[in-house]
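Peer 1: The following block contains the structure, expressed as structure tokens.
The values are calculated or read from the model by the stated rules, or taken from the named source; none is laboratory data. What you see is a predicted model; the values in this text were computed from it and never measured. A quick note on method: Cβ atoms are made from the backbone with ideal geometry, for glycine too, and the neighbour counts reach across all protein chains shown.
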Amino acid sequence: MLWKSRDTARYEALGTAQDADQVEQPGHSFSGWTQYYQDIRTDSSAFRTIIGAMALSWFGWFSLCIYRSHFIAAQILPNPSDDSQVYERNLNIAARGIFYGSILSAMASALFSIIGVRFPHVLNPRLWLVWGCSLLGLALILLLSILFAVGVFTSTITAVQTWLAFAGPLGALAMTVPFALTGRIAQRVADDSSKPGTYMGALNLSICLPQIFVALLGGPLNSLFGSDAASFVIGGVGVLGAAAVLLRKGSW
């Protein structure tokens, strides 16, 4: 009993010290976030441009990822009697178009990697241009959705699958190049081991925040306007703004 009492006393004393540390933790965490914000704010303008363009472009890309299948199956391809079997067939048609887009995405990514390895002196100075042009194409895809929604474009299987397929490689390039540019910037500050983690964390935040907004507001917005094209058009405007920022930048 004596040994048990002494051990318990030591354990309680240690616990009191830990509790004191835990009391100080929230303030330390807040100061850490403040320092993180200051690091990003005072970093190079090129990296801040990457973060802004990444956030704007993800409004469009995430809207496309969430609503494209329902948009095609329920609102574009004909289903006058609202038949569940026809809806399933339309979903399969949309899935086939997304599959074609995945193949094109893989081809575009492979080509991008090969050019980057074999001809880095050609690709690296033009990464901003590749990103900006891919965002222009993605914005066009998103904005064209309104023409499907109002019936200007015919709702044929070929038309909708082509629309879905071209979104694949454009989205792949638009979401890949920012990390390549961030890697280049991180190499310039290789003496500071904390910078690469700071950069990648900021990039992830610029991806996550648009996802939250689209997930919370996309559904009510589409219901208000009666079509998923509402999210696509708003996202397309964001992607177009990101492309304008990048192409105006001119060089990295």
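Peer 1: Can you name the number of the only condition in (1) part of a helix (DSSP H, G or I); (2) surrounded by fewer than 19 Cβ atoms within 10 Å (Cβ to Cβ); (3) out of contact with any helix residue (DSSP H, G or I) (no Cβ under 6 Å at 6 or more places or on another chain) that Trp163 fails?
Peer 2: It is condition (2) that Trp163 fails.
Peer 1: Note down all Cβ pairs under 8 Å where the first residue falls in segment 160-186 and is more than 16 Å from Leu140 (Cβ to Cβ), the second is surrounded by fewer than 21 Cβ atoms within 10 Å (Cβ to Cβ) and charged (D, E, K, R), and they're at least six residues apart or on different chains.
Peer 2: What qualifies is Gln161/Arg96; Ala186/Lys195.
Peer 1: Checking Tyr100 against (1) closer than 19 Å to Ser145 by Cβ; (2) aromatic (Phe, Trp, Tyr); (3) buried (at least 18 other Cβ atoms within 10 Å of the Cβ), only one condition comes out false. Which one?
Peer 2: (3)
Peer 1: Against the definition (under 30 Å from Phe148 (Cβ atoms) and assigned to a helix (DSSP H, G or I)), how does Leu127 come out, yes or no?
Peer 2: Numbers: under 30 Å from Phe148 (Cβ atoms): no; assigned to a helix (DSSP H, G or I): yes.
When the stated conditions are applied, Leu127 does not pass them.
Residue-by-condition table, conditions (1) modelled with pLDDT of 90 or more; (2) of a type in the set (A, V, I, L, M); (3) part of a helix (DSSP H, G or I); (4) within 23 Å of Gly137 (Cα to Cα):
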{"site": "Ser5", "(1), (2), (3), (4)": "no, no, yes, no"}
{"site": "Glu12", "(1), (2), (3), (4)": "no, no, yes, no"}
{"site": "Gln22", "(1), (2), (3), (4)": "no, no, yes, no"}
{"site": "Asp43", "(1), (2), (3), (4)": "no, no, no, no"}
{"site": "Phe62", "(1), (2), (3), (4)": "yes, no, yes, yes"}
{"site": "Asn79", "(1), (2), (3), (4)": "no, no, no, no"}
{"site": "Ala95", "(1), (2), (3), (4)": "yes, yes, yes, yes"}
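Yes/no matrix, rows are residues, columns are (1) surrounded by 18 or more Cβ atoms within 10 Å (Cβ to Cβ); (2) of a type in the set (A, V, I, L, M, F, W, C); (3) farther than 17 Å from Ser57 by Cβ; (4) more than 18 Å from the chain's Cα centre (by Cα):
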| position | (1), (2), (3), (4) |
| --- | --- |
| Leu142 | yes, yes, no, no |
| Ser145 | yes, no, no, yes |
| Thr156 | no, no, yes, yes |
| Pro178 | yes, no, no, no |
